[in-house]
Amino acid sequence: MKKIITYGTFDLLHWGHIRLLERAKSLGDHLTVVLSTDEFNLKKDKVAYHSYEMRKYILESIKYVDAVIPENDWCQKERDITDNAIDLFVMGDDWKGKFDYLTDYCEVVYLSRTKGISTTRIKMELQNHA
Ligand code: C2G
């Protein structure tokens, strides 16, 4: 069984997130999403609209997702990969190059980021139309 892992906040879930998850899952048999906790989001200068629990609930309902575990800090990826016997690490290419060091542990693939949609854009456009 080929195991895939990916990371993110996945707030205000949109089709860019879904396309990432769909393509990541298509590369193997099992997809683990490591979901940024509310506390870790603060370290990423992000404040998610939905809580960790609700973002986890939403992700677990997606057919491409097999497991959701918490992301608490930047330096847990190596441990996540070894603890979960991961074969492939996948991220959007806005992160291209940032996680190449993980090639010591598993394959690393960056998938093209979906243009024209982002959580930030959704928030801004809703604010402008309020
Ligand atoms: N994404 C995408 N297309 C978009 C928006 C997001 O492909 N239009 C991808 C991102 O590249 C990322 C994933 O969806 O791979 C999740 O995006 P975010 O929730 O914004 O995650 P991020 O804050 O980048 O967290 O340790 C890594 C971090 O936790 C990554």
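Tallying residues that are of a type in the set (S, T, N, Q), more than 15 Å from T82 (Cα to Cα) and not in a helix (DSSP H, G or I) within region 1-33 yields 1. Within the option set K96, K115, being under 22 Å from R19 (Cα atoms), within 13 Å of the ligand (Cβ to nearest atom), out of contact with any strand residue (DSSP E or B) (no Cβ under 6 Å at 6 or more places or on another chain) and open to solvent by 60 Å² or more (accessible area, probe 1.4 Å) holds for one residue only, K115.
Annotation note: of V68, V90, V108, the sole residue that is surrounded by 13 or more Cβ atoms within 10 Å (Cβ to Cβ), more than 12 Å from the ligand (Cβ to nearest atom), within 13 Å of the chain's Cα centre (by Cα) and outside any loop (DSSP other than H, G, I, E, B) is V68. In the set T32, T82, only one residue is over 19 Å from L12 (Cβ atoms), open to solvent by less than 60 Å² (accessible area, probe 1.4 Å) and not hydrophobic (A, V, I, L, M, F, W, C); that residue is T32.
Taking residues in region 8-32 that are among the hydroxyl-bearing types (S, T, Y), and partners anywhere that are open to solvent by 50 Å² or more (accessible area, probe 1.4 Å), the pairs with Cβ atoms closer than 8 Å and at least 6 places apart or on different chains are T9/K46; T32/D66. Residues in region 34-59 that are near the ligand (Cβ under 9 Å from one of its atoms) and either touching a Gly at 6+ places or on another chain (Cβ under 6 Å) or under 26 Å from E107 (Cβ atoms) (or both): V34, L35, S36, F40, K44.
Of the numbered criteria (1) open to solvent by 60 Å² or more (accessible area, probe 1.4 Å); (2) among the β-branched types (V, I, T); (3) touching a residue at least 12 places away in the same chain (Cβ under 8 Å), the one V47 fails is (3). Could you say which residue among T103, T120 is more than 9 Å from the ligand (Cβ to nearest atom), farther than 13 Å from Y7 by Cβ and outside any loop (DSSP other than H, G, I, E, B)? That would be T103, the only listed residue that is more than 9 Å from the ligand (Cβ to nearest atom), farther than 13 Å from Y7 by Cβ and outside any loop (DSSP other than H, G, I, E, B).
The values are calculated or read from the model by the stated rules, or taken from the named source; none is laboratory data. None of these values were measured; they are calculated from a predicted model. Reconstructed Cβ throughout: ideal geometry from the backbone, glycine too, with neighbour counts over all protein chains shown. Side chains included, ligands, DNA and RNA excluded: accessible areas come from the protein's heavy atoms. Shrake-Rupley method; radii C 1.70, N 1.55, O 1.52, S 1.80 Å.
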